[in-house]
Each structure stands twice: as C-alpha cells, then as structure tokens.
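The structure appears right after this line, and notes come after that.
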Ligand code: HEM
C-alpha cells in the first residue's frame, strides 16, 4: 500500500480538475532520491509505476506532468482522443534542426506531408530495398575475422549508416554522407544543452560556443542536403522515376489526395524530411540490432533456433525479399529485443484542451508521458518480464495483450512511417550476419542502457565472432 503522507499525495480534486496520486512537491525537491536523475527519467518513471500503478502526476518547472502506465490510457492519448493532444514541447524544439518535418510538424502541415511521403514507404516500394540491405549486411560481416573482438554497437551503427546512404540517397557511405552523420551527431550531442534555454529561438543568434557550433553544423548540413536535392531536381521525370532512392521518390511525390493542391514539396520541406528520415531511421535500427546481438549472446537456445531457421530458409545463398516472410523466428527475436530495449523508450504529448482519462480530469497544457521501456517490462502484461522469450510474439500470444502493451513504433496517426522498413532491415540484417557468425559477448564494459534520444548502450559492446560451421 502506498503511504500518502510524506513524499506522496493521494488522488484529489483541484477546482474543476481531478488529479491522480503523485509526488507531493515539485520534482527538484526529490533531487537526492536515488530515483531522480535529471539526465535520465527512466528510474523516475519506474518509481512512479511501482508506487502508483497506472497513472501518477508530478510537477516540474511549473508544469503539470502526468505519467501514464496503462495501455488503455496510452490508446486514449494516441488514438481515441488524439485531437486533444499535440506533440510534447521538448520534441517541438527539435524544430531547430528538423524544421517542419514529419516528426516535429503539427496539423495541418503534418497531415499533408504524411500524405505526400506515404507512397515512398509502402510495403511494395520498401521491398525494393531488400537487396541493398542484404548487400550492406554482407559487407559488414565480411569485415570480421574469427575470434577477433569488435564493438557490435559501432558495427551496427556503421551497417545502419550504409543502409540509409543506399536507400535514402542511393550512394555508398561517401565523405558527404559521413559528414551528414557527424553533423547530426554533433547537434544531437548539443541538444540537451540547447533545449535548456527557455527562449531558444532568440538564443540561437548569440555568440555562445555551443550555439555557434550548432549554427555551423546546421549550415553545413543544409549545404550538403541542398546539393543532393538540387541534383535530383536537375533530372528529368523519367530519370527520376528510374531511380530507386527515397529522396528521388520524395522529390517526385505530389499531394494527389489533397484538396486540389497537387503541388509537391518545396526544397525546404524536402530538406526537413530528408534530415528527419535520416535521424529517425539511422540510430533507432542500429541500436535495436546492437541490443538484439547482446540478448542473443545471453540466450543460446534462442540463438540456436534462429540459426536453425536461417539455415533451413537460406542455407548459403543471399537472402531475398521472398525469404523475409519465412524468417518468422528471426522476426520474433527482433521483436523481443525491442520489447526489452525499445530504441524509442518514451513518448510525450501535450493536451490542447481539457481531457478525461478514467476517473481523472486534466486541464489544457498538461504534459503526458508514457514509456515503452517501462510498459513493455511491466509484470501486469508480461510474465517474467525480464526473460528473453521470442515466442511471446507468436500470433496467438499477441492477441491476448492490449494493443499498447507493446508499441516500439508508437501508434495512431503518428505511428512510425518507417516501421515496415525497420522490420525488414532488422530481420534481413540479422539473418545475413547469422548465416556466418555467432557473436559472443565479452564483458569488458558494463551493459548500461543510456536514455538519450534513442536507448543506446552507454559503453562499447564488445563481441567475439565465432565462424559457424554447418
Ligand atoms: C527500430 C527502428 C525504429 C523505431 C523503434 C522507431 C520508432 C518510432 C516511433 C515510436 C515513432 C512515433 C513518435 C511519436 O509519435 O511521438 C516514430 C515516428 C517516425 N519514424 Fe520511426 N522508428 C524506427 C525506424 C524508422 C525508420 C527506418 C524510418 C525511416 C526510414 C523512420 C521514420 C519515422 C518518421 C518519419 C516518423 C514520424 C512519423 C509521423 O509523425 O508522421 N523510423 N518512429
């Protein structure tokens, strides 16, 4: 039973609003508690879940924050009452890098951009990328030698970058692509520093070293991406159509379903979407793959089953798109890794009007957070939640759980547009690597998940590859 004296306060009515239980004082008051770390909210979220269950509130910097840990409430926010929410402010501030791209824009811009971009992400279109993914994974696996340790986390970043370069820009990892990755990393490294400013937009002109660095990186990125867009614009329609990369498809796309306005994207919109897709699709998949190899190394039975499947489906030949549906166990391995280590580890929304969730009634401008990391490890929905069991993702097991007990790709109208792409990339990369290697984790560094923009391993993840003999 939670003791609602001291640190905690029970559910109560405040004027016309009804609040769930939560922390009695603003978060800063609890700074010395082990569950408060301002660089990492996961321990706080876990503490709120353990103490209060499905819903709790606290206050931070004058804001009312509600932490939701119930799939039904997540469904209310992302689907049933979606019109009462917008994206949360910290994410809004990513606009300084991503402008009005799909992740950061609000309606009506978002609806239009999503409609224009959707065809480029259709299943059939995405299928064209299977061979690019397999070739990239082959070239990654060719670089390892039996028994020679390497950092799997860096290797998966490198693999994911190759795949993004080939599918988004139709190029190898050229110095230009590398500098896109470097500049994006620099900016993301500065992100926590930058969002700390309450009036960020005005600060962006100041000569503060971090801000100057940001401006330089952004200018460099803009120049590279502008060049790539200009090179597509210079092509005839036929030439563009014969190309297969996502950027060419976005240049070609028009808003045909719109209200008579059949214009395509402006250069600025293309720039925003290109950086958005680059950012959204690169580190997420890389981290999911790194965590998968770690979990496999700790679970030899699952590894054996996956290898048996890969041997039966592929033997020695290169995987193709047709093999993808046969690699069911490999897909479940990837799904289970994203349950335990979801790359997108939390999401947030801001209410734009009064909203009701269960017995509670909240004012406009309430911040709502929910965490894939916490919900997907919650004993209410998962037996022995910390055990790695790919079988949980068999169809008959999936249907017994609420939709939002598992949501690595979010849900509702903002659900990840790259989801089909990410599944195919994950499964074909795992299978191609497992054809040749079994990876053994070497405990040189502790395994600590770091909740940055994505959930990444904090330290190098050293692995010893063992050549598989069949
Ligand atoms: C394992 C890999 C991935 C994970 C876990 C992931 C997760 C997510 C999540 C949770 C969202 C919703 C965010 C929100 O509603 O607040 C999202 C949105 C998005 N993702 Fe992914 N993603 C992955 C891979 C990709 C890839 C490969 C691409 C592109 C090629 C991509 C592009 C996007 C875009 C453009 C959005 C914004 C969609 C919108 O709001 O309309 N993602 N992703």
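The values are calculated or read from the model by the stated rules, or taken from the named source; none is laboratory data. Computed from a predicted model, the values in this text were never measured in an experiment. As a convention, Cβ positions derive from the backbone with ideal geometry for all residues, glycine included, and neighbour counts pool all protein chains shown.
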Quiz item: Mind checking whether some residue in the stretch 398-416 is in contact (Cβ under 8 Å) with a residue 12 or more places away in the chain and away from the ligand (no atom under 16 Å from the Cβ)?
Solution: yes
Quiz item: Taking helices (runs of 4 or more DSSP H) that do not extend beyond the stretch 16-107, which have at least 1 residues that are modelled with pLDDT of 95 or more and closer than 24 Å to residue 2 by Cα?
Solution: 42-52, 71-75
Quiz item: residue 78 is checked against (1) within 11 Å of the ligand (Cβ to nearest atom); (2) touching a helix residue (DSSP H, G or I) at 6+ places or on another chain (Cβ under 8 Å); (3) under 23 Å from residue 248 (Cα atoms) and fails just one. What number does that condition carry?
Solution: (3)
Practice problem: Taking residue 70 as meeting all but one of (1) within 30 Å of residue 242 (Cα to Cα); (2) buried (at least 22 other Cβ atoms within 10 Å of the Cβ); (3) away from the ligand (no atom under 15 Å from the Cβ), write down the number of the exception. | Solution: (1)
Practice problem: Sort out which residues of the stretch 93-121 are surrounded by fewer than 16 Cβ atoms within 10 Å (Cβ to Cβ), within 11 Å of the ligand (Cβ to nearest atom) and closer than 28 Å to residue 361 by Cα, and write them in order of number. | Solution: 106, 107
Self-check item: Looking only at the stretch 236-256, and only at residues there that are loosely packed, with under 15 Cβ neighbours inside 10 Å, in contact with a helix residue (DSSP H, G or I) (Cβ under 8 Å, 6 or more places away or on another chain) and without any contact (Cβ under 8 Å) to a residue 40 or more places away in the chain, the one that is farthest from residue 125 (Cα to Cα)
Solution: 237
Quiz item: Within the stretch 296-326, how many residues are surrounded by 20 or more Cβ atoms within 10 Å (Cβ to Cβ) and either within 16 Å of the ligand (Cβ to nearest atom) or on the phi > 0 side of the Ramachandran plot (or both)?
Solution: 1
Quiz item: Given the structure, is residue 344 assigned to a helix (DSSP H, G or I), in contact (Cβ under 8 Å) with a residue 60 or more places away in the chain, within 16 Å of the ligand (Cβ to nearest atom) and under 21 Å from residue 133 (Cβ atoms)?
Solution: no
Practice problem: Check 387, 354 and return the single one that is over 22 Å from the mean Cα position of the chain (by Cα), surrounded by fewer than 19 Cβ atoms within 10 Å (Cβ to Cβ) and under 30 Å from residue 111 (Cβ atoms). | Solution: 354
Exercise. Return only the number of the condition from (1) more than 15 Å from the ligand (Cβ to nearest atom); (2) surrounded by 13 or more Cβ atoms within 10 Å (Cβ to Cβ) that residue 470 does not satisfy.
Key: (2)
Exercise. Check the stretch 400-411 and report whether any residue there is at pLDDT below 95 and either assigned to a helix (DSSP H, G or I) or under 30 Å from residue 82 (Cα atoms) (or both).
Key: yes
